[in-house]
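Report on the following structure.
Please treat every number below as a calculation from the coordinates, not as lab data. Keep in mind that this is a model prediction, so the values were computed, not measured. Virtual Cβ from ideal backbone geometry, glycine too; neighbours counted across all protein chains shown.
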Amino acid sequence: MTSTRFAVFALTETGTKLARRIGKLAAGDVTVFVPEKYLLPDETNEKCFGRGQFGTTFTDVFDHFDCLVCVMATGIVVRSVSKVLQDKLTDPAVLVVDEQAHHVISLLSGHMGGANQWTAKIAEQLGSDPVITTATDTEGVQALDVLARIYHGWYAEFKTTTKRINGRLASHEPVELYIEPNLVIPSVSLKGFSRLKQVADRDEKVPLVVISDRTHFDKQADCIQLIPKINVLGVGCRKDVTVGMMQAAFSQFCEERQLAWQSVDRVASIDVKAHETAVHYLGKLVGKQPQFYSARELLKTAIHYPQSAFVKKTVGVGNVAESSSELASGNRVIGDRFSADEITFALSRLTIKES
């Protein structure tokens with residue numbers, strides 16, 4: 001996972017001192033924005049804005065950071081944020097800290113943006129009181145959309161479902177939960193949910209959340225499948241394979257493996273396939289540009305799998321699908337590779353851990 005990009009803003013001399021302190025405490029890529037007259041030229045992670053230009057600067061950088069921390073009055077931040085809000089699924093986290101560091105306030109994107117998490121962490125580091133107002137947090141229960149963020153997951157009708165399930169959790173109404181054993185993260189709180197050992201144990205009168213990247217269980221009424229984006233698809237194919245062939249092969253692969261296609265986080269292959277439209281089609285399908293590796297890079301992981309002398313003669317390494325999947329995920333391939341219509345797939349899984 002890439003490091004968190006922080007922007008820390010201040011307006012006054014006192015606020016600037018605190019902003020620099022926060023910048024040093026934050027674990028990630030930090031840029032501190034301060035008024036021009038307080039800028040320290042030797043500070044490589046600082047940028048300045050002119051008098052009266054805070055609002056413009058805030059607007060310009062809003063979409064370029066994961067978390068924006070504002071050392072100033074809440075009202076100033078509210079007016080600035082109101083001009084750039086887009087969607088709770090994509091807006092970055094916004095925190096407000098008073099100049100004396102008495103309070104750290106989670107202002108925007110508490111769950112999906114991670115503002116609540118960063119509020120608690122920064123407040124602990126500063127010795128401040130964290131101010132978190134989302135209902136599930138104040139009631140001390142886990143939230144469905146927080147689980148989705150932890151698992152980098154997807155579920156249907158996200159906003160409507162989140163509102164309904166989180167409302168039940170905050171009201172301490174029953175919500176059942178089943179997690180595939182290999183997807184359990186011991187450190188993640190599941191307070192508020194009723195854990196099931198198997199889907200068949202459910203109470204049909206109670207909503208059920210299933211965290212799984214598979215499709216091996218029967219669809220049921222009021223069952224929400226949270227699909228983690230945790231799989232890496234390695235791809236090998238002959239030259240000029242068509243999009244139709246790739247689509248058909250991928251559908252067959254998912255059906256045979258009982259794999260939810262939404263669980264594929266990224267696609268990987270060898271660089272000689274970087275021009276193949278069909279490989280880019282798969283990348284577009286999962287929402288990320290494919291990752292391409294040279295034959296020399298793939299040699300490091302190809303040794304773990306059977307190799308073809310013909311493939312090695314053609315592209316410089318005897319295995320493409322499995323070796324590229326492992327290189328992209330950092331983990332060995334799970335299951336046998338799949339082949340159909342001169343297309344080969346292999347699947348590996350990203351390591352999931354609470355961020």
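Summary table
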{"quantity": "The stretch 1-100: C-alpha gyration tensor shape, a/c 1.5 cut-off, then a/b vs b/c", "calculated": "oblate"}
{"quantity": "Nearest-20 debye value, the stretch 176-320 charge dipole, Cβ charges on Lys, Arg, Asp, Glu", "calculated": "580 debye"}
{"quantity": "Whole-Hz couplings from phi, Karplus 6.51/-1.76/1.60, listed for the stretch 286-303; x for Gly and Pro", "calculated": "8, x, 9, 4, x, 9, 10, 10, 6, 4, 4, 5, 6, 4, 5, 9, 4, 5"}
{"quantity": "Gap separating the Cα centres of the stretch 191-215 and the stretch 280-309, nearest whole Å", "calculated": "35 Å"}
{"quantity": "Angstrom value of the Kirkwood radius, inverse mean 1/r, which spans all Cα pairs in the chain", "calculated": "22.8 Å"}
{"quantity": "Cβ-placed point charges (K, R +1; D, E -1), dipole of the chain about Cα centre in debye, nearest 20", "calculated": "460 debye"}
{"quantity": "Note, ³J(HN,Hα) from phi for the stretch 330-338, Karplus 6.51, -1.76, 1.60, rounded to Hz, x at Gly and Pro", "calculated": "x, 10, 5, 5, 9, x, 7, 6, 10"}
{"quantity": "Dipole in debye (nearest 20) - the stretch 138-202, about Cα centre, beta carbon charges: Lys, Arg +1; Asp, Glu -1", "calculated": "60 debye"}
{"quantity": "Entries in Lys47/Lys288; Lys163/Lys191; Lys83/Lys229; Lys219/Lys284; Lys284/Lys312 that, when Cα-Cα distance is taken, lie over 22 Å", "calculated": "Lys47/Lys288; Lys83/Lys229; Lys219/Lys284; Lys284/Lys312"}
{"quantity": "27 Å Cα-Cα reach of Lys313 towards lysines, excluding residues that sit fewer than 8 places from it in its own chain", "calculated": "Lys239, Lys273, Lys300"}
{"quantity": "Part-to-part distance (alpha-carbon centres) for the stretch 236-271 and the stretch 123-164, which is given in Å", "calculated": "34 Å"}
{"quantity": "Trypsin sites (Lys or Arg not before Pro) lying in DSSP loop within the stretch 1-79, provided at most 11 other Cβ fall within 10 Å", "calculated": "Arg51"}
{"quantity": "Shape call, the stretch 289-355: gyration tensor on alpha carbons, a/c limit 1.5", "calculated": "prolate"}
{"quantity": "Residues with amide H under 5 Å from that of Cys237, placed H, sequence gap 5 or more", "calculated": "Thr344"}
{"quantity": "Sites excluded, GluC sites (Glu not before Pro) in DSSP loops with at most 14 other C-beta within 10 Å, longest stretch of the chain", "calculated": "205-341"}
{"quantity": "Positive-end residue, the chain charge dipole about Cα centroid, Cβ charges, pick of Val94, Gly244, Val71", "calculated": "Gly244"}
{"quantity": "Global form of the stretch 49-162, assessed from the alpha-carbon gyration tensor, a/c cut-off 1.5", "calculated": "oblate"}
{"quantity": "Where labels lie 7 Å past Cα in the beta-carbon direction, separation of Thr160 and Val206 in nm", "calculated": "2.5 nm"}
